[in-house]
Amino acid sequence: MASRKRDILKMAQYLLLSQIIVAIFLIVLILLQQRGTALGSAFGGESGFYATKRGIQKKIFWLTVFFGAAFIILAFLNLIF
């Protein structure tokens, strides 16, 4: 019985730590995205038109979606445990 409680407590700590790590990655990925501009404008370039996501922008977008979903799943798991 005590072993099971210890295991649940350990899992809750791992869930909390993983949620913090996912949140940091999610913040960084969101900050890398700029609506309506290319990634180059984050580093001083300028773009005056909206284009479709290509290359690294598309990968950053899908990574943001993945980490957002992971954050939500971890939040629900933290509520359960």
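The values are calculated or read from the model by the stated rules, or taken from the named source; none is laboratory data. If you're wondering where the values come from, they're calculated on a predicted model, not measured in any experiment. Neighbour counts are summed over all protein chains in view; Cβ atoms, including those assigned to glycine, are modelled from backbone coordinates with ideal geometry.
Quick notes on this one:
- Residue in the range 32-39 that is part of a helix (DSSP H, G or I), at negative phi and at pLDDT below 95 present: yes
- In the range 67-81, the residues that are within 14 Å of residue 26 (Cα to Cα) and of a type in the set (Phe, Trp, Tyr) reach residues that are surrounded by 12 or more Cβ atoms within 10 Å (Cβ to Cβ) and at pLDDT 95 or above with C-beta atoms within less than 7 angstrom, at least six apart or across chains, in these pairs: 67/22; 67/25; 67/26; 67/29; 71/19; 71/22; 71/23; 71/26.
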